[in-house]
Amino acid sequence: MFKFLPRWSVAVAILASGIGVSAFFMSDRIESARAAAETADPGESNPLLATWAGPYGGVPPFDKVKVSDFRPALEKAMDENLAEIDRISADTAPATFENTIAALERTGRTLDRVSTIYGIWSSNMSSPEFRAVEGEMDPKLAAFNDRITQNEALFKRIEVVYNDPEKRKLTSEQQRLTWRYYTNFVRAGAKLSPEAKTRVSEVNQQLAKLYTRFSQNLLADENDRFLELKTDADLAGLPQSLRDSAGSEAKERKIPGVGAIANTRSSIEPFLTYSSRRDLREKAFQMFVNRGDNGDAHDNNAIITEVLQLRAERAKLLGYPTHAHWRLENAMAKTPERAMELMLAVWKPAVARVREEVADMQTLADQERAGIRIEPWDYRYYAEKVRKAKYDLDQNEVKPYLQLEKLREGMFWVAGELFNFKFTPVTDVPVYQPDVRVWEVTDKTSGKHVGMWYFDPYARSGKRSGAWMNAYRNQEKLDGEVTTIVSNNANFVKGKHGEPLLISWDDAVTLFHEFGHALHGLSSNVTYPTLSGTNVPRDYVEFPSQLLEHWVETPEVLQKFAVNYETGKPIPQELVAKIQKASKFNQGFATVEYLASALVDMKLHLAGSAKIDPDAFERKTLAEIGMPHEIVMRHRTPQFGHVFSSDGYSAGYYSYLWSDVLNADAFEAFTEAGGPYDKAVAARLRKYIFTVGNTVDPADAYREFRGRDPRVEALMRKRGFATGETAEEGRKSAKPIK
Ligand SMILES: [Zn+2]
């Protein structure tokens with residue numbers, strides 16, 4: 001099948017909600033490694049090019065991968081794909097669905113396999129040698145995509161099938177597939193003049209280079225900068241686990257003193273939550289929020305200006321008013337206006353909630369006679385204190401009940417209840433790293449093979465941060481049944497040998513989230529690979545995964561799987577009640593820091609071809625929307641990897657909120673019926689949402705499942721925000737926002 005985007009963008013698409021797309025490139029040693037890559041053997045024996053062999057319909061040959069094989073394999077696979085395309089476009093028979101659209105679905109199989117493994121290396125096994133290959137191949141892959149979408153003879157044939165009155169005799173899946181090919185070609189510039197096509201292609205390659213530089217700059221600021229903790233006094237307030245990890249960070253960096261805090265989200269956020277040293281919190285905060293914005297060699301501002309101008313130029317060439325309009329056309333939201341409307345509807349009650357949260361924190365600080373006004377570097381620290389005071393919930397009290405492996409069993413059990421899946425561990429397939437484990441998925445009743453699930457839970461160097469799902473192989477039935485292979489990846493720090501790995505409540509939720517993506521892929525039951533599994537619009541893809549998060553807190557899962565690692569006793573009901581009560585806590589902060597980023601993203605891409613100074617634009621936009629001064633954007637513009645390390649989430653960061661509206665509303669379908677394990681609702685969920693991939697318009701699919709369009713009220717309830725009239729009143733009585 002022909003892919004409209006390079007493969008690795010798929011993994012980026014399904015990162016855990018809100019968890020940043022952290023850059024995972026490094027800039028050092030690229031030249032020398034590139035020289036090594038040049039001398040690689042381009043011979044026929046390249047194992048990356050082979051069909052996947054082995055059990056379960058074939059599995060990726062991870063045991064045979066050599067980095068030096070990537071470049072020749074990608075080049076050969078691209079050549080092969082172009083030859084396949086040429087055969088289709090040179091066909092002298094009149095264009096039909098079979099000889100054009102279905103034929104396209106059969107192309108690019110080798111490239112698909114090679115680029116899948118290439119993407120896995122990029123996310124999990126990156127090294128200077130690999131990054132050199134990437135720096136060279138990414139622009140080539142971008143140019144390759146353009147060569148296909150700009151193939152005039154091929155587009156003519158697609159257009160004939162698309163406009164053929166006979167099209168209505170095709171199945172609805174075939175009609176949608178035809179629509180998708182046609183619109184994607186048009187959206188990529190198939191109807192442009194030769195000059196305009198050349199320019200679009202130049203722009204794409206220039207952008208690919210800028211994206212790589214953006215990511216490398218960000219990674220440099222995350223790797224090279226850190227906060228030094230010199231004496232025991234610098235550790236004040238930190239729990240033992242944080243002291244330990246700060247200690248090992250210092251050792252790894254070979255610096256004196258008692259610890260170091262890395263300039264990454266997973267290190268900075270806990271430090272801001274627990275450190276009682278306000279001066280150090282401020283230092284850590286400034287370092288973190290200024291990534292890519294230090295006016296030095298790694299500054300991203302000039303890159304952003306250039307990216308925005310190139311995107312605006314491309315949108316104009318393609319016939320759209322702005323990049324945002326181009327990006328949203330095929331999304332569920334359809335227009336930037338609809339996305340903005342939703343964001344602004346949630347923004348107001350979220351800011352009103354922030355006022356209340358800040359008031360609570362200020363009261364607490366005043367009681368402590370801290371003599372301060374809450375600043376951004378105080379937010380997490382005082383929020384944690386309020387959490388303890390108001391909800392009596394200590395995260396460290398919850399952790400002993402959350403064992404990674406037990407929760408994994410809990411996920412399997414939920415998949416059995418809702419999807420009738422059974423997971424069986426297997427050891428007869430190769431893995432890219434000894435820590436990776438594999439399960440076969442079968443139907444609980446019939447025993448029929450469903451697919452494979454790979455699990456790579458631990459952090460290591462060369463692996464990008466965050467958590468994600470990756471589809472190694474999509475389900476399809478084009479020429480016989482092909483089953484799904486998916487992976488879930490995370491960055492848990494491996495526990496001491498023999499001790500169970502304990503995780504936080506948030507991590508447990510993320511685990512279920514990524515598993516939701518995996519189940520979406522595994523449930524797929526379609527004919528054509530392009531429409532399979534998680535290949536759905538960006539603002540829809542997070543819906544199934546966010547939905548699955550709800551099941552972690554069902555009593556059934558907690559009773560059986562949230563058991564104390566020492567006593568084996570289930571988590572006490574009162575602690576669960578506290579977790580549930582606290583679930584709406586700090587939602588003002590979480591929503592505002594997210595929405596501020598989403599709004600700035602959309603406005604940057606609605607601004608057209610104006611030459612934008614990112615810092616000034618960000619300040620102006622935040623002032624206009626009334627950003628509370630106590631909060632900073634979750635991703636400031638110079639470090640907004642979602643938006644500037646690829647086209648990925650550009651004008652698309654709103655997607656998490658859009659999907660969450662569907663999620664909250666869909667879960668109420670269960671609670672309105674017999675509860676989270678209601679068989680009839682689960683059957684509808686499978687039938688209309690999880691199995692159909694992109695064969696149905698998402699808005700129609702949702703309507704089939706729910707019996708009506710989604711409503712935003714459920715989201716407001718879930719986040720504990722005032723809705724409708726109440727929100728208006730709340731806003732009027734709130735103090736003016738600075
Ligand atoms: Zn996700």
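The values are calculated or read from the model by the stated rules, or taken from the named source; none is laboratory data. Everything numeric in this text was worked out from a predicted model, so none of it was measured. Every residue, glycine among them, receives a Cβ derived from its backbone with ideal geometry; neighbour counts consider all protein chains shown. Remember, those area values only see protein heavy atoms, side chains included, never the ligands or the DNA or RNA. Shrake-Rupley method; radii C 1.70, N 1.55, O 1.52, S 1.80 Å.
Tabulated results
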{"item": "In sequence order, calculated HN-Hα J values of the range 481-494 (Karplus, 6.51, -1.76, 1.60; Hz; x Gly/Pro)", "result": "6, 10, 9, 6, 10, 10, 10, 10, 10, 8, 10, 6, 7, 4"}
{"item": "Average accessible surface area per residue within the range 477-610, 1.4 Å rolling probe, Å²", "result": "34 Å²"}
{"item": "The range 382-451 - charge dipole about Cα centre, Lys and Arg +1 at Cβ, Asp and Glu -1, debye rounded to 20", "result": "240 debye"}
{"item": "Among P434, L280, Q580 - extreme Cα towards positive end, dipole of the chain, charges at beta-carbon", "result": "Q580"}
{"item": "Angle between the chain longest axis and helix 152-163 axis [Cα atoms, degrees, rounded to 10]", "result": "80 degrees"}
{"item": "Using alpha-carbon coordinates, inclination of helix 194-224 to the longest axis of the chain, degrees", "result": "30 degrees"}
{"item": "Accessible surface ranking that places the most exposed of Y656, Y56 first, with a 1.4 angstrom probe", "result": "Y56, Y656"}
{"item": "With all protein chains modelled, accessible area of R225 [1.4 Å, Å²]", "result": "80 Å²"}
{"item": "Local net charge near I689, Cβ-Cβ under 13 Å (Lys/Arg +1, Asp/Glu -1)", "result": "0"}
{"item": "Placed amide H near S465: partners under 5 Å, 5+ positions off or other chain", "result": "S22"}
{"item": "Per residue accessible area of the range 58-181, 1.4 Å probe, in Å²", "result": "37 Å²"}
{"item": "Under Karplus coefficients 6.51, -1.76 and 1.60, residue-wise ³J(HN,Hα) of the range 305-318 in Hz, glycine/proline x", "result": "3, 5, 4, 5, 5, 5, 5, 5, 5, 5, 4, 4, 4, 7"}
{"item": "Cut-off under 5 Å, modelled amide H: who pairs with Y472 long-range", "result": "I485, V486, S487"}
{"item": "DSSP beta bridge pairing in the chain, given as percent antiparallel to the nearest 5", "result": "75 percent"}
{"item": "Apportionment of accessible area to carbon and sulfur, the chain, percent (1.4 Å)", "result": "52 percent"}
{"item": "Amide H contacts under 5 Å for A260, placed H, 5+ residues apart", "result": "L229, G247, E249, A250"}
{"item": "Sparse-neighbour loop sites [trypsin sites (Lys or Arg not before Pro); the range 483-590; at most 10 other C-beta within 10 Å; DSSP]", "result": "K496"}
{"item": "Alpha-carbon centroids, the range 321-379 and the range 154-227: separation in whole Å", "result": "32 Å"}
{"item": "Cross-link pairs K390/K496; K399/K584; K76/K334; K334/K477; K76/K209 - those with Cα-Cα distance over 27 Å", "result": "K390/K496; K76/K334; K334/K477"}
{"item": "Solvent-accessible surface (1.4 angstrom probe) belonging to S461, in square angstrom, nearest 10", "result": "110 Å²"}
{"item": "Percent RCO, i.e. relative contact order, over the range 418-529, from Cα pairs under 8 Å lying at least 6 residues apart", "result": "24 percent"}
{"item": "The range 471-548, relative contact order in percent, only Cα pairs under 8 angstrom and at least six apart counted", "result": "36 percent"}
{"item": "Surface per residue (accessible, 1.4 Å probe) for the range 264-304, Å²", "result": "38 Å²"}
{"item": "T567 accessible area, assembled protein chains, probe 1.4 Å, Å²", "result": "90 Å²"}
{"item": "P(r) histogram, all alpha-carbon pairs of the range 589-722 included - 5 Å bins from 0, percent", "result": "2, 9, 16, 17, 14, 13, 12, 9, 6, 2, 1, 0"}
{"item": "Relative contact order %, the chain, counting alpha carbon pairs below 8 Å whose residues are six or more apart", "result": "17 percent"}
{"item": "Folded to 0 to 90 degrees: helix 70-89 orientation relative to the chain principal axis, Cα", "result": "50 degrees"}
{"item": "Per DSSP, loop GluC sites (Glu not before Pro) in the range 361-448 with at most 11 further Cβ within 10 Å", "result": "E368"}
{"item": "Accessible area in the full protein assembly, largest first, 1.4 Å probe, for V482, V200", "result": "V482, V200"}
{"item": "Volume per residue that the Cα convex hull of the chain spans, once the total is divided by residue count, Å³", "result": "167 Å³"}
